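**Q** Before I ask anything, here is the structure I am working with.
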Amino acid sequence: MIRNALLMSIRPQYANKIFEGSKTVELRRIKPKLLSDGDLVFVYVSSPIKSLLGAFVVSSVLEKPLAGLWNVVRNRAGISKSEFLNYYAGTESGVAIFIKDVWLLPKPIHLTDLRRQMKDFHPPQSFRYTSINYINNIR
């Protein structure tokens, strides 16, 4: 049962891997406090795409020291070990959001359309909490 929803900014190369199915875990430096199994993540793809493309359901969330985290996600994160270490530089632990039930919107919603529908819309730097009815509110 979906209790919470996040709007998450993801770089195009990683979003593409999520929607292709080759990336089944999203890595984050900070754990969203209210995110748990079964929750919904809306995927906003950052520049140059600048569009809401789809969503996925969270399978599970894991926070772990980096060495142990890499062992769990290395075949699922869609990045090399050096990219992993660069991303987490300066931290001792990381967060893995495991992905299931991915879907694309029938038509991406571009940033200009998002702003037209919601006057104060700003894409999140990382993520922000939102309503599970988010898509219905902007159509």
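The values are calculated or read from the model by the stated rules, or taken from the named source; none is laboratory data. In this text, all values refer to a predicted model and were calculated from it rather than measured experimentally. Here Cβ is always computed from backbone atoms with ideal geometry, including for glycine, and neighbour counts include all displayed protein chains.
**Q** Can you pull out the residues in the stretch 85-129 that are out of contact with any Ser or Thr (no Cβ under 9 Å at 6 or more places or on another chain), assigned to a helix (DSSP H, G or I) and over 23 Å from Leu69 (Cβ atoms)?
**A** Thr112, Arg115, Arg116, Gln117
**Q** Residues that are surrounded by 15 or more Cβ atoms within 10 Å (Cβ to Cβ), at pLDDT below 95, more than 10 Å from the chain's Cα centre (by Cα) and acidic (Asp, Glu): does the stretch 23-37 have at least one?
**A** Within the stretch 23-37, not a single residue is surrounded by 15 or more Cβ atoms within 10 Å (Cβ to Cβ), at pLDDT below 95, more than 10 Å from the chain's Cα centre (by Cα) and acidic (Asp, Glu).
**Q** Please work out if Lys31 is touching a residue at least 40 places away in the same chain (Cβ under 8 Å) and among the basic types (Lys, Arg).
**A** So Lys31 passes the test.
**Q** Quick one: Asn16 ticks every box in (1) without any contact (Cβ under 8 Å) to a residue 24 or more places away in the chain; (2) more than 25 Å from Lys107 (Cβ to Cβ); (3) within 12 Å of the chain's Cα centre (by Cα) bar one, so which box is it?
**A** Only one criterion in (1) without any contact (Cβ under 8 Å) to a residue 24 or more places away in the chain; (2) more than 25 Å from Lys107 (Cβ to Cβ); (3) within 12 Å of the chain's Cα centre (by Cα) is unmet by Asn16, namely (2).
Condition check ((1) surrounded by 14 or more Cβ atoms within 10 Å (Cβ to Cβ); (2) under 14 Å from the mean Cα position of the chain (by Cα); (3) within 18 Å of Lys17 (Cα to Cα); (4) among the small types (Gly, Ala, Ser)) across all residues:
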position: Gly54; (1), (2), (3), (4): yes, yes, yes, yes
position: Pro65; (1), (2), (3), (4): no, no, no, no
position: Val73; (1), (2), (3), (4): yes, no, yes, no
position: Ile97; (1), (2), (3), (4): yes, yes, yes, no
position: Leu104; (1), (2), (3), (4): no, yes, yes, no
position: His110; (1), (2), (3), (4): no, no, no, no
position: Lys119; (1), (2), (3), (4): no, no, no, no
